[in-house]
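**Q** The structure under discussion is supplied below as C-alpha cells; questions concerning it will follow.
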Amino acid sequence: MNYLAKVEAKQYHPPTASKVWHDAGGRCMYRGCGQDLGSTPLTTQNARIAYLAHIVASDPDGPRGNESSHALSDSPENIMLMCDGHHRLIDRIDVAGHPASDLQHMRDVHTARVNLLLGSLQYPTVQLITLLADLAQVPTNVSKTELCSSALSRNLGPLPEIKHMLRRTQRDDRGRFGFWGHFLHEHESDIRELISFTSNKPSQKSSMTPESLGIFPLHLVPVLVLAGRIIGEARHVEIFQYDRIAKTWHWPKESPILTSQFNISYEVDDDSDQEEAILSFELTAKLDTNALPEELARTVRDKKIRWIRITNTDPNPNCINSKEQLDNFSDLARQAIRTIQDSWRSKVIHVFGVSPASTLFKFGQMLQAGNHSVCRVYDRPDGSNIFVPALDITGNDVRSVGANSDQQHQISLR
C-alpha cells in the first residue's frame, strides 16, 4: 500500500509511514486529541485520513526547519500522525507555539502510552468494580481513565466495562431513625447483584471470566465490611486505596518511607465475658471511646468485655500507601480474628472502623461464609453523634440493627 502525506507534497517511503501509523496506534498524536484517523467522521467509512507531519520540516525553510531537515525527512521518529486541524495548527496557525522540542515530547509520550495500552493485552484480565458513596454531602466522582490507569500500573489489563456497584448518591442522612433498615431495603437489588456478579461461578452472559477483580472502595464503613464479606477470598482480588492528598488510586511510584507502624493490643480481664468482644481498627485516628454506645461503654468501664485494638503509631488517612502496608494490616487482622473466634470463641464481635477504606474491605474478605461470629458493625454519622450499631453480618445473612422491628431488614448472602 502506498501512503501519501499531504505535507509539502512529499511522498513518504511505505516503511516510514507504516512505522508512524504503528507508533501512533492510528490516532492523532497531538496532546489530548487522540482522534481515530482510520475512518471518516459521521460516516465511519474506512479510510486513512491522517497527515504525516514533520517535527523538523523536511526543508530547511519549512516550519522548524534547520540544517538537519533533509537527513530527518524520512525518519519515523521525526514524523507525527495528525488530524487535519492539528496539522494546520502546528504548521500554519501557531508555528511559534509549537517548537520541535514540544512536538517531540508529545510524540514520545503518545508512543509510550500506546505501547503501554497495547502491552496490557498480555496482562492478566481484571474486572474493575467501584464501591462508591457520596460522603458528608460531598460527591464522589472517578474517571474511567484514572481507574484503568491504576490497574495498568499494577500490570493488570482492565476489561472495557467498569462495574459501579452499590453506588449511593442519595443525601447522607444516617442520623435518621431506622436508616440502616431503609438502606438494606433500598439497596437490596444492588446487594444481590454484587453477590451474583462476584460469585465466581461461570457466567451465563459472557464467555470471558476475568482472572481477578479490582476493587475501588470509598463507601460507608458497614458497607465496606459487607462488600468484603460478599466478595471474599476465593478468587484473586486487587484492592486499591484512594490517596486524598495526591487524589489518585495509584500506589506512590517510589517506595514510601514508613514513618508509622501498625500494632495490635489486647485489653483482657480475667473476669471479662467471652461471649462478646470488641475489635477496633484505628489506623486513621484513635477511637473516641466517649462516643461508644452507653451499654457497650459501661461494659468497657467495668472491664466486662474483651477488646482487641489495631492501632497506628502515626494515625493518618494515607497510612495505607503500599501493598506492604496493606499486607501488614492484613496479618494483624487475621491474628485478631483467630484469637476472637478460635481462642475466645466469642459469638458476637463489635466492629469499629476508623481506618482507610481498603482495610475495612480487606477485613470483610476475611470473614468466611457460613463460619464466622456475628459481626456487629458500627457507624458514626458525624463527630456530633455517637457510634450506632448498623449491620449484623452473620455467616449466612446481613440484617439491620434497631429496636423497632418494623424498620429492620434482612438479606440472605447465599
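Read the figures in this text as sums done on the coordinates, not as results from a lab. Model, not experiment: these values are computed from the prediction. Because the Cβ atoms are built from the backbone with ideal geometry, glycine has one as well, and the counts that use them run over all protein chains shown.
**Q** Of Thr284, Ser255, Gly228, whose Cα points farthest to the positive end of the dipole of the chain (charges on the beta-carbon: +1 Lys, Arg; -1 Asp, Glu; origin at the Cα centre)?
**A** Gly228
**Q** Using Cβ counts within 10 Å as a stand-in for footprinting exposure, how do Glu77, Glu295, Glu276 rank, fewest first? Each step should come with its number before you reach the end.
**A** Numbers: Glu77 14, Glu295 7, Glu276 21.
Result, fewest neighbours first: Glu295, Glu77, Glu276.
**Q** Give the order of Lys19, Lys362 when sorted by the count of other beta carbons within 10 angstrom, beginning with the fewest. Could the numbers behind the result be given before it?
**A** On the way: Lys19 16, Lys362 28.
Ordered by Cβ neighbours within 10 Å, fewest first: Lys19, Lys362.
**Q** Express the C-alpha Rg of the stretch 375-414 as a ratio against the empirical globular expectation 2.2 N^0.38 Å, rounded to two decimals. Write out the running numbers ahead of the final one.
**A** Numbers: Rg = 11.4 Å, N = 40, 2.2 N^0.38 = 8.9 Å.
Relative to the 2.2 N^0.38 Å estimate, the stretch 375-414 comes out at 1.27.
**Q** While we're on this one: Can you flag which of Lys19/Lys247; Lys286/Lys347; Lys144/Lys362; Lys323/Lys347; Lys303/Lys347; Lys144/Lys253 are past 28 Å Cα-Cα?
**A** Details: Lys19/Lys247 37 Å; Lys286/Lys347 26 Å; Lys144/Lys362 23 Å; Lys323/Lys347 32 Å; Lys303/Lys347 18 Å; Lys144/Lys253 20 Å.
Violating the 28 Å Cα-Cα cut-off are Lys19/Lys247; Lys323/Lys347.
**Q** Also, I was wondering about something else. Using a basic spin-label model with each label point 7 Å from the Cα along Cα→Cβ, how many nm lie between Leu118 and Ala71?
**A** Placing both labels 7 Å beyond Cα along the Cβ direction yields 2.8 nm.
**Q** What's the whole-number percent of alpha carbon pairs in the stretch 1-155 lying beyond 27 angstrom?
**A** On the way: 4208 of 11935 pairs.
Above the 27 Å cut-off, the stretch 1-155 has 35 percent of its Cα pairs.
**Q** Using Cα centres only, tell me the gap between the stretch 118-154 and the stretch 249-272 in whole Å.
**A** 26 Å
**Q** Read phi for every residue in the stretch 161-166 and hand back ³J(HN,Hα) as whole Hz from Karplus 6.51 cos²θ - 1.76 cosθ + 1.60, θ = phi - 60°, with x for Gly and Pro.
**A** Those phi angles translate into 8, 9, 8, 9, 9, 6 Hz.
**Q** Going by a ≥ b ≥ c, the root eigenvalues of the Cα gyration tensor, does the stretch 299-347 fall in the rounded group (a/c under 1.5), the prolate group (a/b larger than b/c) or the oblate group?
**A** Working: a/c = 4.52, a/b = 1.63, b/c = 2.77.
Oblate, since a/c reaches 1.5 and b/c is not below a/b.
**Q** Still on this structure, please answer the following. Say the dipole of the stretch 88-173 comes from +1 at the beta carbon of Lys and Arg and -1 at that of Asp and Glu; which of Asn115, Pro139, Gln127 then lies farthest toward its positive end?
**A** It is Gln127.
**Q** While we're here: Cysteines of the chain lacking any other cysteine beta carbon under 4.7 Å?
**A** Cys with no partner Cβ under 4.7 Å: Cys148, Cys319, Cys375.
**Q** Bins of 5 Å, beginning at zero and ending with the bin holding the largest distance: percent of Cα pairs per bin for the stretch 262-412, please.
**A** Histogramming the stretch 262-412 at 5 Å steps yields 2, 9, 18, 22, 21, 17, 8, 2, 0, 0 percent.
**Q** Quote the convex hull volume per residue of the chain, based on C-alpha atoms, as a whole number of Å³.
**A** Details: hull volume 77.0 nm³, N = 414.
Convex hull volume per residue, Cα atoms: 186 Å³.
**Q** Quick one: dipole size for the stretch 123-239, taken about the Cα centre, charges +1 on Lys/Arg Cβ and -1 on Asp/Glu Cβ, in debye to the nearest 20.
**A** Dipole size: approximately 100 debye.
**Q** For the chain, give the magnitude of the charge dipole about the Cα centre (Cβ charges: +1 Lys/Arg, -1 Asp/Glu; no others), in debye to the nearest 20.
**A** Working: 44 positive and 49 negative charges, 144 e Å.
It comes to approximately 700 debye.
**Q** Sum -39500 (n - 2.57) across every DSSP H segment of at least 4 residues in the chain, then divide by the residue count to get the 222 nm mean residue ellipticity, nearest 500. Write out the running numbers ahead of the final one.
**A** Working: 11 runs with 111 residues, N = 414.
-8000 deg cm²/dmol, from helical runs alone.
**Q** Once the dipole of the stretch 1-133 is set up with Lys and Arg at +1 and Asp and Glu at -1 on Cβ about the Cα centre, which of Gly38, Asn66, Leu81 lies farthest towards its positive end?
**A** The residue sitting farthest along the positive end of the dipole is Gly38.
**Q** Rg and Dmax of the stretch 123-239, using alpha carbons, in Å: what are they?
**A** 14.9, 48
**Q** May I pose another question? Could you size up the charge dipole of the stretch 262-412 around its Cα centre, putting +1 on the beta carbon of Lys and Arg and -1 on that of Asp and Glu, and report it in debye to the nearest 20? Mind dumping the intermediate values first?
**A** On the way: 16 positive and 22 negative charges, 51 e Å.
For the stretch 262-412, the charge dipole is close to 240 debye.
**Q** Show me 228-236, 113-121 ranked by packing, highest mean number of other Cβ atoms within 10 Å first. Present the calculation step by step, with values, prior to reporting the outcome.
**A** Numbers: 228-236: 18.6, 113-121: 13.3.
Going from most to least packed, we get 228-236, 113-121.
**Q** So, one more: Starting from the amide H of Arg168, placed 1.01 Å from N in the peptide plane, find each other amide H under 5 Å away whose residue is 5 or more places distant or on another chain.
**A** HN-HN under 5 Å from Arg168: Leu132, Ala133, Asp134.
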